[in-house]
Number of protein chains: 2
Amino acid sequence: MSHFPSERILMGPGPSNVSPRVLEALSRPLVGHLDPEFLAIMNEIQDLLRQVFRTSNPLTIPISGTGSAGMEASVVNFVEPGDSVLVAQHGVFGQRLAEEMRRCRAECTVVSVPFGEPLDPEQIQVMAEKCRPRLIAVVHAETSTGVLQPIEPIREICDRFDSLLLVDAVTSLGGHPVLVDEWKIDICYSGTQKCLSCPPGLAPFTASPRAIEYLNSRQTKCQSWYLDLTLVQNYWGENRTYHHTAPVSMNYALREALGIIVEEGLEMRWARHERNHQALVAGVSAMGLEMKVSPEFRLWSLNTVVIPEGVNDLQTRQELLSKYHLEIGGGLGDLAGKVWRVGLMGETSKAQNVLYFLHALEKCLTSQGFRCSAGSGVSAASDVLAE
Amino acid sequence: MSHFPSERILMGPGPSNVSPRVLEALSRPLVGHLDPEFLAIMNEIQDLLRQVFRTSNPLTIPISGTGSAGMEASVVNFVEPGDSVLVAQHGVFGQRLAEEMRRCRAECTVVSVPFGEPLDPEQIQVMAEKCRPRLIAVVHAETSTGVLQPIEPIREICDRFDSLLLVDAVTSLGGHPVLVDEWKIDICYSGTQKCLSCPPGLAPFTASPRAIEYLNSRQTKCQSWYLDLTLVQNYWGENRTYHHTAPVSMNYALREALGIIVEEGLEMRWARHERNHQALVAGVSAMGLEMKVSPEFRLWSLNTVVIPEGVNDLQTRQELLSKYHLEIGGGLGDLAGKVWRVGLMGETSKAQNVLYFLHALEKCLTSQGFRCSAGSGVSAASDVLAE
């Protein structure tokens, strides 16, 4: 019953490794969800989230569910039946956004590109002219493809059509710049288990005053009661009106994880993610492997490496896990069986993990007949890390 | 940043106190949500939940949200727009069920009674004849009133109209008998932070094969993607298809909390909840206070005590918290300012907590001019505990 889980190096698409400080915070005794001490913690969390989202939005809170609940809250609160919305889709999570829009009975137009490519703002502009969207939704960091989609050109299109901008920052927040106020993002959500290095279970969320204005003047009730922000905001706001029981322990953990981020400094943290990503890319390239995404659109937090011919996807991942205690992710959607997804998120984004992964990958690949010069990956990565 | 929360005796409507074993489980290092070790834990949790729900339902899982997410999952998956449903309502959580039904665009008929009274099956029967409900929903343990609603008479009505039976067992599961198979409950949900004594954040859920048959033959898609059980069941079932990232740490905690319950034995646990409840009732009665609910319908896990005249509600609760580290709940909805809600759930249901609460309450009340003979509450409770 009480057996201890194995130690893993979590280099998949999340969860990432969690600091012992965060695990310790999780294990503290509980207070009630309306206890003055918990209310103070809620305030701290909101302040810290504002720093990490780079925003002054009053409504900046963790939604009580995983990143997908953050996505659902972002859609059901800001979309009404019949609304024209545009989803700029470049992977599985963009597809999911479109599915959420349809379940809200929105008129959903989709612009899409093949998995692994970024969206072309020109194409979005053309479709926006046709459908005149009240809201444009896009995934910043596509966890399924490894593409980082620039947000500012899409904001310009939103400005032309007076559209709200909804951004999925699940795999970028805390690892890449996510500048909510500067980029004029209206609705933004993330997950705790990626670059924030907190266990999964909460979805950081923020909404601009303009989005809140829309929310408070909706014609219809939100179809979700659990995620209805007109109610949730009264619990996180000054009134502290009971809505649902907040996940107390998970909020302890989030506070600690955000505290660690602020101590490190966001810029330092972004630079660390970039450096370790560059080392990983240098390593796999030196081994003769290819990255799926072209350099200027690569995520630092999630690296998609093309599986070379003759190499068995599942066998490699299983060997990495069982022999090296190293988890990486398989491909998702159109990229299933074609790429590996190698996460370098939060606590996991460390030089030693990059080097150890390259070492382990070389062993697994050469045992399957793949040829590369011994130590080439580790050596190339080490050079980048030494710069 | 890292200050430790105060120790509290959590005698409110939840969260209840959590065993150090569960806190320790929370703090274990994370594995991935598709790791073979985690899949094994998922199987264990399902087995344990079946034991606690007294069911053999294959779909018996924790929903990734708090008890309210369990309620929402139970409604959005099993109700379609235009469906005739009947909500038998005897408190705030029944009202919430009706609200969830309306947000699903169901034709919702409500039978209600004043807060603090149980429902009359006759009345439900009369309304069922009129509206011919496809589903009847009822709260087993009304956390807002302290009423335990007998389920079997309502099942008989369901049988007459071939209706599905949906039961909210948030405040009863693990503290009172909840016999899903014997009572032929089709859809049942709970929360982790009540009589299961696990932190809030998951919602134990089970559905009968008949409910699943309905689910799989729905005419419309579930309006929630996050809670869509046609998708969620593929992650918890044999396929292990990725849906959303499971809250790994919370599932560690739930496994441990359920293990503790099975070690104690459900019957022993129910008996413990009953005994401590009887002691509490004897104590407050000896002090001259009144219980809100008549004896045969009283919850063991949540005791509603009428606030005596001349006593200040908020002042009393604040004094209990600040001087005695004891949290109790205020009234909710129609009972706000009229009752206190005193929880004796899971780990909190202990003789020492009953005695200490009565001692502390006497001090708080007499300081406000309330008159009762010194030590009468503690003495009466002690007699019951000695039986």
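In the stretch A:163-199, of all residues being closer than 16 Å to A:GLY14 by Cα and among the β-branched types (Val, Ile, Thr), the one that is farthest from the chain's Cα centre (by Cα) corresponds to A:THR192.
Kindly check whether there is at least one residue in the stretch B:261-271 that is surrounded by 21 or more Cβ atoms within 10 Å (Cβ to Cβ) and within 12 Å of chain A (Cβ to nearest Cβ). Yes, there is a match, as at least one residue in the stretch B:261-271 is surrounded by 21 or more Cβ atoms within 10 Å (Cβ to Cβ) and within 12 Å of chain A (Cβ to nearest Cβ). The one condition from (1) assigned to a loop (DSSP other than H, G, I, E, B); (2) in contact with a helix residue (DSSP H, G or I) (Cβ under 7 Å, 6 or more places away or on another chain); (3) in contact (Cβ under 8 Å) with a residue 12 or more places away in the chain; (4) within 14 Å of chain A (Cβ to nearest Cβ) that B:GLU256 does not meet is (1).
Go through the stretch B:27-66 and give me each residue that's among the hydrophobic types (A, V, I, L, M, F, W, C), farther than 18 Å from B:GLU263 by Cβ and more than 9 Å from chain A (Cβ to nearest Cβ).
B:LEU39, B:ALA40, B:MET42, B:LEU59, B:ILE61, B:ILE63
Taken over the stretch A:169-210, residues that are buried (at least 24 other Cβ atoms within 10 Å of the Cβ), touching a strand residue (DSSP E or B) at 6+ places or on another chain (Cβ under 8 Å) and not small (Gly, Ala, Ser) amount to 18.
When you look at B:TYR235, is it in contact with a helix residue (DSSP H, G or I) (Cβ under 9 Å, 6 or more places away or on another chain), surrounded by 24 or more Cβ atoms within 10 Å (Cβ to Cβ) and in the same structural domain as B:PRO62 (by TED's automatic domain parsing), yes or no?
No; evaluated as a whole, the condition is false for this residue.
Looking at A:VAL293, is it part of a helix (DSSP H, G or I) and aliphatic (A, V, I, L, M)? The answer is no for A:VAL293.
Answer with yes or no whether B:ALA246 is outside any loop (DSSP other than H, G, I, E, B), surrounded by 24 or more Cβ atoms within 10 Å (Cβ to Cβ), touching a residue at least 60 places away in the same chain (Cβ under 8 Å) and not assigned by TED's automatic domain parsing to the domain that holds B:TYR356. No. Here A:ALA98 clears all of (1) at the interface with chain B (Cβ under 9 Å from one of its Cβ atoms); (2) out of contact with any Lys or Arg (no Cβ under 8 Å at 6 or more places or on another chain) except the condition numbered (1). When we screen B:ILE185, B:ILE212, B:ILE157 for residues that are assigned by TED's automatic domain parsing to the domain that holds B:GLN95 and closer than 29 Å to A:VAL75 by Cβ, the only hit is B:ILE212. On inspection, B:VAL180 passes the criterion of being in contact with a helix residue (DSSP H, G or I) (Cβ under 9 Å, 6 or more places away or on another chain) and part of a loop (DSSP other than H, G, I, E, B).
Here's the yes/no breakdown for (1) closer than 29 Å to A:GLY94 by Cα; (2) acidic (Asp, Glu); (3) without any contact (Cβ under 8 Å) to a residue 40 or more places away in the chain:
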site: A:SER285; (1), (2), (3): yes, no, no
site: A:PRO295; (1), (2), (3): yes, no, yes
site: A:ARG298; (1), (2), (3): yes, no, no
site: A:THR304; (1), (2), (3): yes, no, no
site: A:GLY310; (1), (2), (3): no, no, no
site: A:LEU335; (1), (2), (3): yes, no, no
site: A:ARG341; (1), (2), (3): yes, no, no
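The residue list B:SER6, B:SER19 contains one member that is out of contact with any strand residue (DSSP E or B) (no Cβ under 9 Å at 6 or more places or on another chain) and at pLDDT below 95, which is B:SER6. Inspect all residues belonging to the stretch B:207-229 and state whether any of them is more than 10 Å from chain A (Cβ to nearest Cβ), part of a strand (DSSP E or B) and among the hydrophobic types (A, V, I, L, M, F, W, C). Yes; the residues of the stretch B:207-229 include at least one that is more than 10 Å from chain A (Cβ to nearest Cβ), part of a strand (DSSP E or B) and among the hydrophobic types (A, V, I, L, M, F, W, C). For the stretch A:151-159, check the following and say yes or no: at least one residue is within 30 Å of A:GLN51 (Cβ to Cβ), basic (Lys, Arg) and at pLDDT 95 or above. Checking the stretch A:151-159: at least one residue is within 30 Å of A:GLN51 (Cβ to Cβ), basic (Lys, Arg) and at pLDDT 95 or above. Number of residues in the stretch A:70-105 that are farther than 20 Å from A:TYR189 by Cα and not polar (S, T, N, Q): the value is 4. Could you list all residues from the stretch A:119-162 that are within 23 Å of the chain's Cα centre (by Cα), crowded, with 19+ Cβ neighbours inside 10 Å and in a loop (DSSP other than H, G, I, E, B)? Passing the criteria: A:LEU119, A:HIS140, A:THR143, A:SER144, A:THR145, A:GLY146, A:GLN149, A:ILE151. Please tell me if B:ARG103 is modelled with pLDDT of 95 or more, under 28 Å from B:GLU122 (Cα atoms) and of a type in the set (Lys, Arg). In short, yes.
Scanning the stretch A:330-370 for residues that are within 14 Å of chain B (Cβ to nearest Cβ), outside any helix (DSSP H, G or I) and either modelled with pLDDT under 95 or farther than 19 Å from A:ALA279 by Cα (or both) yields a total of 4.
Being farther than 19 Å from A:THR55 by Cβ and in contact (Cβ under 8 Å) with a residue 24 or more places away in the chain is the filter; apply it to the stretch A:231-243 and report the residue that is nearest to the other protein chains (Cβ to nearest Cβ). Among those that are farther than 19 Å from A:THR55 by Cβ and in contact (Cβ under 8 Å) with a residue 24 or more places away in the chain, it is A:TYR242.
Does B:VAL31 satisfy being β-branched (Val, Ile, Thr), touching a residue at least 24 places away in the same chain (Cβ under 8 Å) and under 27 Å from B:ASP181 (Cβ atoms)? Please lay out each step first, then the result.
Details: β-branched (Val, Ile, Thr): yes; touching a residue at least 24 places away in the same chain (Cβ under 8 Å): yes; under 27 Å from B:ASP181 (Cβ atoms): no.
So B:VAL31 does not fit the description; no.
The values are calculated or read from the model by the stated rules, or taken from the named source; none is laboratory data. The model shown is predicted, which means the values in this text are computed figures rather than measured ones. So basically every Cβ, Gly included, is an ideal-geometry build from the backbone, and we count neighbours across all protein chains shown.
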